[in-house]
Amino acid sequence: MRKQSVGRLLGALCLAGSFVFAVTAPASASPPRWSMTVTNLPLTVATGSAMGYQVTISNAGPSNISQLFLVTKTQQSPAYITTSQGSCAPVGSGPLGCTFGALAAKSSVTVTVAYTAPFADTGDPGDPVFEATSNGLTYSDGGSSHGDTLTDPHEKGTVMSSSPDFAGGFALSHVRVSTNDDLSDSNRQSTAVEPPASNLVVTAEDGPSVSFTCKNICNKAFGEWSAINVGNGQTFGTFFPITLLLRASDAPNNLDQIKLAHVLDSGKTVELDQCTTTLENCIVVTPVGLNVQIKAYVDQNGGIRGIR
């Protein structure tokens, strides 16, 4: 999550920064106290995956903010946009442009936006550089717009990972997300996730650097840990599949012994047995050539690993 910045109306400032929000208020009104938070969705994405951002502006009052507009330095068109107030230019119509209108005291507005490619025109390939103005001018006005501003100069752009043990980002569809499934001595396991919905964070990571705390049932663990990050950690109404592929030499000879440990975000560990009827919180084990496939059906993220 990017650092939160809090500001007051200081009068006719024109500040440079990646995330800038400008407001106006009647001269007779007490200046509003407002804050901004920006969250990368997620902070790290696999190279070639979409990058998401959630921007929230809150007005603590006592007066209203009379106008808010949001634009970006990048000229790249977003692939996804949603706002809790006002409206934004449609996807594919050009650079981001949102009109919020007034932001009342004790209220906030949140925008979620996603892009499919790194930014070549902002100085940071992981930062689209947002700017809000009080007059609706585009970012290319050369800094001639005036208004009171709030800026976060310490934000961190999205990090792009080329690691074969990491996959995913902001999922714009239900397309399967998978780490490298070309197994070898240096890549002993792959992890794949089929998103339960579109337009949410979906990542998968495995490899020797991934670990979770698991007691008792993990005494006879095998394979690697896989970290699954879907959405914001909520429980979904449907069960979605997570597929582990590992070499048969790294799995028990008796496939009927295979189970999975599922460490939830809360720290609780759940044992997943092989499915008998419905595909809910259980696994299906299948030999695939010289490998073994373990498909788990779960309704929330966390860490998973083979046990016997």
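For this structure, a couple of remarks:
- Unique match (being polar (S, T, N, Q), outside the structural domain of V71 (by TED's automatic domain parsing), at pLDDT 95 or above and within 19 Å of L96 (Cα to Cα)) among N180, N199: N199
- Those residues of segment 209-256 which are under 28 Å from A197 (Cα atoms) and among the acidic types (D, E), in sequence order: E224
- Close Cβ contacts (under 9 Å, 6 or more residues apart or on different chains) running from residues in segment 186-199 that are free of Cβ contacts under 8 Å to residues at least 60 places away in the same chain to residues that are of a type in the set (K, R) and assigned to a loop (DSSP other than H, G, I, E, B) comprise A192/R176; V193/R176; E194/R176; P195/R176.
- In the set P26, P42, only one residue is surrounded by fewer than 23 Cβ atoms within 10 Å (Cβ to Cβ) and modelled with pLDDT of 85 or more; that residue is P42.
- Flag if S18 is among the hydroxyl-bearing types (S, T, Y), at pLDDT 70 or above and touching a strand residue (DSSP E or B) at 6+ places or on another chain (Cβ under 9 Å): no
- Tally of residues being closer than 16 Å to I242 by Cβ and of a type in the set (F, W, Y) across segment 160-209: 1
- Restricting segment 162-175 to residues that are modelled with pLDDT of 95 or more and touching an Asp or Glu at 6+ places or on another chain (Cβ under 9 Å), the residue that is farthest from V210 (Cα to Cα): G168
- Here K259 clears all of (1) farther than 30 Å from N199 by Cβ; (2) modelled with pLDDT under 95; (3) crowded, with 17+ Cβ neighbours inside 10 Å except the condition numbered (2).
- T99 being part of a strand (DSSP E or B), touching a residue at least 12 places away in the same chain (Cβ under 8 Å) and under 22 Å from the mean Cα position of the chain (by Cα): no
The values are calculated or read from the model by the stated rules, or taken from the named source; none is laboratory data. Just so you know, these numbers come straight off a predicted model, no measurement behind them. So basically every Cβ, Gly included, is an ideal-geometry build from the backbone, and we count neighbours across all protein chains shown.
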